[in-house]
């Protein structure tokens, strides 16, 4: 795993020569559930539900991004542009993620961390000696992501119209799906579709950044212990599926 070396090198360069030693010394035995996934797969909701179910602490890497932006006095959108060229922001947030994974800062007996990169940061922490980790990836079809985006941006009626009229096929490109959404003739559909395209583009930008910085693709499913496809599934059934899978890794409620 060459990216392990890349992460260590970046931490020493941007955080400090003693950064790795500090992480290793902060490691606890507290179990951690690390969650990543495609957009609009329900991963944030599932992460919060799991934290509540296991009486643990929920962390969002997205909140770390927002906190860093606030400290710099810039918007999240402005920070996103900076991330394309300024490496230090990424590394700072990744280091904070590793600190959370260590378990030292949580008062409960378990942590749940949701974001783009926690699973791969977890693999790095494992190399430093952290145990009791499980890495979960949520995925769903492009069609399902688009329909959920319509629900979020326009409402339930738009979601149901898309569900009834967008063919349930495997869309290999976003362009082909865009045409189907346009044909729904929804209010503000042009603007909403552009937002969806922009969201997808940011995801690709993030994957490219992590690949160039450390050498990993957080969409590579080989880095996960559990992969859950949420296409055409309600949140309750997904939650039950995840809890069942976690039982195989020794996670139980008290």
* Structure fact -> Residue set 117, 139; condition modelled with pLDDT under 90 and within 14 Å of the chain's Cα centre (by Cα); output residue 117
* Asked: Could you say which residue among 78, 52 is surrounded by fewer than 19 Cβ atoms within 10 Å (Cβ to Cβ), closer than 30 Å to residue 232 by Cα and more than 17 Å from the chain's Cα centre (by Cα)?
  -> 52
* Asked: In region 194-214, what count of residues is obtained for those that are over 29 Å from residue 162 (Cβ atoms) and either touching a helix residue (DSSP H, G or I) at 6+ places or on another chain (Cβ under 7 Å) or in contact (Cβ under 8 Å) with a residue 12 or more places away in the chain (or both)?
  -> 4
* Scope region 47-80; condition modelled with pLDDT of 95 or more and assigned to a helix (DSSP H, G or I); matching residues -> 47, 48, 49, 50, 51, 52, 53
* Structure fact -> Of the candidates 7, 35, 101, the one satisfying the condition of being within 20 Å of residue 138 (Cα to Cα), part of a helix (DSSP H, G or I) and either in the same structural domain as residue 226 (by TED's automatic domain parsing) or touching a strand residue (DSSP E or B) at 6+ places or on another chain (Cβ under 9 Å) (or both) is 101
* Asked: Out of all the residues in region 143-180, which are within 14 Å of residue 199 (Cα to Cα) and in contact (Cβ under 8 Å) with a residue 40 or more places away in the chain?
  -> 145, 146, 148, 149, 150, 152, 153
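This table checks each residue for (1) surrounded by 12 or more Cβ atoms within 10 Å (Cβ to Cβ); (2) touching a helix residue (DSSP H, G or I) at 6+ places or on another chain (Cβ under 7 Å).
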residue	(1), (2)
149	yes, yes
153	yes, yes
160	yes, no
186	yes, yes
192	yes, yes
216	yes, yes
229	yes, no
236	no, no
* **Tabulated pairs, region 222-237, first in a helix (DSSP H, G or I), second surrounded by 17 or more Cβ atoms within 10 Å (Cβ to Cβ), C-beta under 6 angstrom, 6+ apart or interchain** => 223/119; 223/120; 235/42
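The values are calculated or read from the model by the stated rules, or taken from the named source; none is laboratory data. This one's a predicted model, so the numbers in the text were calculated from it and none came from an experiment. Positions of Cβ are generated from backbone atoms using ideal geometry, with glycine treated the same way; all protein chains shown enter the neighbour counts.
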